[in-house]
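The values are calculated or read from the model by the stated rules, or taken from the named source; none is laboratory data. Just so it is clear, the structure is predicted and the values come from calculations on it, not from any experiment. Here Cβ is always computed from backbone atoms with ideal geometry, including for glycine, and neighbour counts include all displayed protein chains. Heavy atoms of the whole protein, side chains included, go into the accessibility calculation; ligands, DNA and RNA do not. Shrake-Rupley method; radii C 1.70, N 1.55, O 1.52, S 1.80 Å.
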Amino acid sequence: MNIFVFRILSILTHLRLVPYDNKTEQGRANERLRLLGWAVITSGLSKSASLLIVIASVRWGVDYLGAERYGLWMTITSLVALLSFADFGMSNSLVSLISEAAGRDDVETMKKIVSNGLFIMIFIALTLAIIFYGTYFFIDWSEVTNVSEPTAILESGPAVAVYVTIFLISLPLSVVQRVQIGLQETWRSNLWTFAGQILALVSLKVIVEFGGGVPYLVLAVAGVPVLTSLVNYLYFFLRHRPEIKPRWMDRDFKIVRKIGHLSLLFLLMQLMAVMGNTTDNIVIAQFLGAAAVSPFSIIQKLTMMLGLAQLFISPMWPAFGESMARGEHSWAKKALTKILVFSITLGIFSGLIILIFGADIIKNWAGDSMVPNQRLILGFALYSVLMGVGGSLSIFLNNGDFLRRQALIFIIASVISVVLKFLLVAHWHEASGAIWGTIIGYSFFFVIPAIFIAYSTKQHLN
């Protein structure tokens, strides 16, 4: 706990509006901590606004829409999990490449990365638009969303069209957020996201008050933030950083090929992560029945809500990339050690809450029938530590030549963890087998090799 408090204070002491002098190694180290502090604070604001939207959508939406139309809205919103693959790993590759170029103070390369990244995103969006609108009128969306009420049947198609259209527009605009993250200006992206969420919350209330249907609710919650993204895009590239604004003349096939190569690696890891996360409920339902999924799902949600370490871990990604590109490997590895200790401390704290109070929290939250057994509680208590450790190592290995090796061990760990889920659930006849499969698979086949790679290998950025 003393280490945890010390780390928090060390970040807070660097919170100021004026940047540090980046001409010295110590100045750059202080500047990274300053930007980390503001990223954490603004990320907290953004996540709080997201939680408000979730609470408001339930409070206002269920009574207003009724069970089926509300379910239609939530089903369409859940498409975001599937559409997250639509950029084919592009977003993550832009963060890595921009942070690397920033570490070399290479404005020329940054311009090309931004321009070519935007052109690829536009191409992806246009291709998906042709596929979607070309098939839209041939699909019975009421069957896809499984609704039967007359109003829900009428709203299903337009609501899906509104959501997909908004998503396709947001794809090219998302480039500015990835560039800001890569430049360690995550706080800018978070503030614009926060503004969009607050406006979305207001719009949601207005739509409910005026009796708008599901398509309008989708437009309010998903569409309004796109407007703030557009303003962010225009301000950032026209006023704040005009020297790296996208230009057609900066197209470069070598940059496109490099972006594509990194995107493929990130896409593979995204697919593996989804496979590892989504198979839990499937395996449990197949072996134990759908009723066994509910207690597992409830404690999983509680663990995710207590995962505060992610607020500190994510902003460190571009800081690692920039420092290693400058050849400041010592700072990067010391920072990795600190963030690992910090994550473990937070993970143990969260794990103890789950272990000691988890059953009582779930009992009061969801009822006696949803209280998991002790092996499941212990599994998620340990998983809360694993999340922080794995996340810290992953964002360190997201940079340079480390990425290829990370992709390999992550794929191996994901496959093994899925196999272990099947074996343990079948052997124990308990849902706890799913989380223990994750713990064993990722601890031995990702965390341990990742530690070895991070600390025993010299980094070379391409």
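Just a few scattered comments:
- Net length gained if the chain between Leu234 and Thr151 were fully extended (0.36 nm per residue, minus Cα distance): 26.0 nm
- Taking all protein chains as they are arranged and a probe of 1.4 Å, the heavy atoms of Arg247 leave approximately 80 Å² accessible to solvent.
- Think of each Lys and Arg Cβ as +1 and each Asp and Glu Cβ as -1; about the Cα centre, that makes the dipole of the chain roughly 1440 debye.
- Selection of chymotrypsin sites (Phe, Trp or Tyr not before Pro), segment 171-217, meeting DSSP coil and at most 13 other Cβ within 10 Å: Phe210
- In Hz, Karplus ³J(HN,Hα) per residue of segment 188-203 (6.51, -1.76, 1.60; θ = phi - 60°; x = Gly, Pro): 5, 4, 5, 5, 5, 5, 4, 4, x, 5, 5, 5, 5, 4, 5, 4
- Ignoring lysines fewer than eight residues from Lys334 along the same chain, the ones with Cα atoms less than 30 angstrom from its Cα are Lys23, Lys47, Lys258, Lys458.
- Point-to-point label distance, Val206-Leu227, nm (Cα→Cβ direction, 7 Å offset): 0.6
- Shape call, segment 166-320: gyration tensor on alpha carbons, a/c limit 1.5: oblate
- Linear extension gain, Arg251 paired with Phe357, 0.36 nm per residue minus alpha-carbon span: 32.6 nm
- Integer Hz, Karplus 6.51/-1.76/1.60 couplings in order for segment 418-432, x for Gly and Pro: 5, 4, 5, 4, 4, 5, 6, 4, 5, 6, 8, 6, 9, 5, 4
- Cα pair count fraction exceeding 21 Å, expressed as % - segment 146-247: 44
- Label positions at His429 and Phe444, each projected 7 Å from the Cα along the C-beta direction, are separated by 2.5 nm.
- Treating each Cα of segment 326-462 as one equal point scatterer and applying the Debye formula with no solvent, the log10 of I(q)/I(0) at q = 0.15, 0.17, 0.18 Å⁻¹ comes out as -0.80, -0.94, -1.01.
- Cα shape, segment 241-285, gyration tensor, a/c 1.5 rule: prolate
- In segment 28-140, inverting the average of 1/r over every pair of distinct C-alpha atoms gives 18.2 Å as the Kirkwood radius.
- Sparsely packed loop sites in segment 29-131 (the GluC sites (Glu not before Pro) outside DSSP H, G, I, E and B with at most 12 other Cβ atoms within 10 Å) do not occur.
- Taking a straight Cα-Cα cut-off under 15 Å and skipping sequence neighbours fewer than 8 places away in the same chain, the aspartates and glutamates within cross-link reach of Lys254 are Glu108.
- Gyration tensor (Cα) of the chain, equivalent ellipsoid semi-axes in angstrom: 34, 31, 22
- Of the residues Gly307, Pro242, Trp331, the one whose Cα sits farthest towards the positive end of the charge dipole of the chain is Trp331 (charges of +1 on Lys and Arg Cβ, -1 on Asp and Glu Cβ, taken about the Cα centre).
- The residue among Phe422, Leu382, Ser443 whose Cα reaches farthest toward the positive pole of the charge dipole of segment 361-462, with charges on the beta-carbon of Lys, Arg, Asp and Glu, is Ser443.
- Under 5 Å between amide hydrogens, built in the peptide plane, is the criterion, and for Leu306 it picks out nothing among residues at least 5 positions away or on other chains.
- Debye-sum result for segment 278-346 in log10 I(q)/I(0), which assumes one identical scatterer on each alpha carbon, at q = 0.11, 0.28 Å⁻¹: -0.48, -1.13
- Across the chain, C-alpha contacts under 8 Å between residues 6 or more apart give a mean separation that, scaled by the residue count, equals a relative contact order of 19 percent.
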